[in-house]
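What follows draws every value from the coordinates through simple rules; no lab data is involved. Here the structure is a predicted model, which is why all the values come from computation and not from measurement. Quick reminder, even Gly has a Cβ in these numbers, built from the backbone with ideal geometry, and neighbours come from all protein chains shown.
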Amino acid sequence: MSDKLEIKNLTVYINSKVIVDNVDIDINESKTVALIGESGSGKSIIASSILKLLPSKSNFKISGNIIFNNNNLLELTEKELLFLRGNKISIIFQEPMSALNPLHTVYNQISEIIMIHNPIDKPKLKKKVYELLHKVELDKYNNLEKIANSYPHELSGGQRQRVMIAIAIANNPKILIADEPTTALDLTIQFQILTLLNKLKDDYNMSMLLITHDLNIVKKFSDYIYVIKNGKILESNTSKEIFNNPKNSYTKLLLSKYTIQKYYNFENKKEILSIKKLSVKFPIKKGFFKKIVNNFIAVENITFSIFEKECLGIIGESGSGKSTLAAAILKIIKSEGEIKFLGKDLEKLNNNDLKKLRADIQIVFQDPFNSLNPRMSIFSIISEGLDIHTNFSKNIKEKMVFDILETVGMPKDSIYRYPHEFSGGQRQRIAVARALILKPKLLLLDEPTSALDRQVQFELINLLNTLQDKYNLTYIFISHDLEVIQKICNRVLVMKKGSIIENINTNQLFQSPKQAYTKELVKLIK
């Protein structure tokens with residue numbers, strides 16, 4: 001009996017509209033097959049179709065064949081599918097915090113999937129769970145008992161993803177579907193997770209369907225690639241052939257480097273922001289009365305400046321202090337040290353003066369879907385800053401919103417629609433429009449491209465470069481994606497454990513980094 005998975009003539013409709021069009025994919029035994037394409041191309045729909053995980057109450061309709069173990073999975077009963085899910089075929093989702101149950105410990109969630117398919121007595125179950133935790137290398141973070149008794153919110157993103165992997169491999173599946181398994185993780189953790197998955201694939205003799213928009217991941221870990229756009233497979237071939245000799249114009253576009261970095265001259269430039277000896281501490285509280293017993297130092301003794309129309313990149317692993325630094329600059333959290341913006345010491349400003357100054361410092365967040373209020377129209381979202389900082393009439397505000405939407409490449413009819421009606425890239429353009437409506441001097445961009453596919457990432461970077469020239473903007477660009485940093489930033493701060501370990505010109509970063517940690521980061525994308 002073959003463990004090969006064959007998808008033949010798969011077509012998926014929603015309300016009679018074709019969203020996956022006559023797709024053929026073969027996943028051979030012990031191979032890693034990558035499915036790449038932009039957001040909305042149908043990648044996750046195909047993954048969900050394999051185990052019939054599409055919402056049953058929606059208007060989805062599926063036709064075609066998905067053959068595994070001589071059975072057409074689309075014709076199986078729900079009971080037969082329950083036997084396959086998490087047993088013969090497992091799936092790892094993009095966001096482990098959403099996929100894991102927040103009310104159950106790690107131990108309970110792993111043991112549940114084992115007991116559903118292969119019930120065993122308690123001593124054997126405990127041994128099995130701990131073996132799985134060891135297998136996914138969680139013991140390198142803490143003792144296994146502590147990890148097993150933890151809840152998802154008590155773990156880091158990388159640790160949660162390892163728990164998801166432990167659940168997925170608990171019953172020795174033959175097929176592992178990894179749907180964007182590293183999107184929200186920093187570069188070093190991404191590499192660790194993919195290396196782990198590749199090792200487990202070999203250890204368990206599994207096949208893997210790797211769904212991603214990250215071409216570096218695909219190049220390093222896949223044997224065969226399918227390129228999809230608008231629900232259609234445009235090209236398929238071995239990984240080596242796709243990267244060395246792409247045939248389709250869209251594949252060539254995905255593989256192009258989008259070299260758009262600009263030269264920056266620091267001479268005679270006005271200093272926009274000056275940071276001196278900045279530190280951020282969080283109190284550690286214990287006991288019934290929550291007594292402060294120590295402090296966790298998130299950012300320690302940081303000093304740097306940024307100049308007019310510069311784009312300063314900040315990179316580092318999860319927990320290195322990047323977002324904490326941004327929050328301190330915005331005065332969202334308390335800090336020690338000096339923060340001067342446009343020559344004004346923020347610590348010495350009263351609340352009214354600080355409120356006025358905040359119009360000149362705006363932020364674009366990582367996840368536009370969560371940062372945009374789903375109950376507010378696009379007009380209300382973008383004009384909210386005008387409501388706070390101006391007394392303009394509705395007609396004037398409406399014209400300003402129309403103008404800024406046009407500037408960021410959004411149609412004018414977007415103005416009275418809602419966030420859920422737009423793609424990820426469009427929502428991020430709306431988030432940029434919201435930040436720019438007040439014409440700020442400094443824009444903080446906190447992982448603004450991490451949830452976007454490669455093509456949309458570079459479209460957004462092109463937009464940011466255009467806007468920088470038009471409005472004389474200064475950017476602080478926080479990211480773990482060095483390729484994105486390379487395309488937009490003039491200078492880079494490398495952070496580790498709350499400190500800046502390197503302050504370096506972007507070209508030097510990729511040609512001659514000084515610190516061992518920076519060298520390792522650069523090595524990972526080459």
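Annotations
- From the alpha carbon centroid of segment 1-28 to that of segment 440-495 is 37 Å.
- Contact order normalised by residue count of segment 395-526, Cα under 8 Å, 6+ apart, percent: 17
- Karplus-derived 3J(HN,Hα) values for segment 373-380, using 6.51 cos²θ - 1.76 cosθ + 1.60 with θ = phi - 60°, are 5, x, 8, 9, 5, 4, 4, 5 Hz; glycine and proline are entered as x.
- Net lengthening on full extension, Lys277/Lys439 (0.36 nm per residue, minus Cα-Cα): 55.4 nm
- Measuring nothing but how far apart in sequence close Cα pairs (under 8 Å, 6+ apart) lie, relative to its length, the chain scores a relative contact order of 15 percent.
- With K and R counted +1 and D and E -1, the other residues having a Cβ less than 15 Å from that of Leu144 yield a net charge of +2.
- Cleavage-rule hits, trypsin sites (Lys or Arg not before Pro), segment 1-46, DSSP coil, Cβ neighbours within 10 Å at most 11: none
- Only helices enter this figure: runs of n ≥ 4 DSSP H residues, each worth -39500 (n - 2.57), summed and divided by the residues of the chain, yield -11000 deg cm²/dmol at 222 nm to the nearest 500.
- The H on the amide N of Leu53, modeled in the peptide plane, is under 5 Å from the matching H of no residue at least 5 residues off or on a different chain.
- Highest mean first, the peptides 325-334, 339-348 sorted by other C-beta atoms within 10 Å per residue fall in the order 325-334, 339-348.
- For a label point 7 Å along the Cα-to-beta-carbon line of Thr77, residues of segment 32-56 with backbone N under 20 Å: 51-53, 56
- For segment 30-147, relative contact order (Cα pairs under 8 Å, six or more residues apart, normalised by length) works out to 13 percent.
- In sequence order, calculated HN-Hα J values of segment 203-215 (Karplus, 6.51, -1.76, 1.60; Hz; x Gly/Pro): 4, 9, 6, 8, 9, 9, 9, 9, 9, 6, 10, 8, 6
- GluC sites (Glu not before Pro) restricted to DSSP loop in segment 482-526 with at most 14 other C-beta within 10 Å: none
- The distance separating the Cα centre of segment 76-105 from that of segment 310-361 comes to 42 Å.
- Derived scalar couplings between HN and Hα for segment 361-368 equal 10, 10, 9, 10, 8, 5, 10, x Hz in order, rounded to whole Hz, by the Karplus curve 6.51 cos²θ - 1.76 cosθ + 1.60 (θ = phi - 60°), x for Gly and Pro.
- Amide H within-cut-off set for Glu502, under 5 Å, with H built and near neighbours excluded: Val494
- Long-range amide H partners of Glu310 with built H, under 5 Å: Tyr475
- Segment 371-453: chymotrypsin sites (Phe, Trp or Tyr not before Pro) in DSSP loop, at most 16 other beta carbons within 10 Å: Phe392, Tyr416
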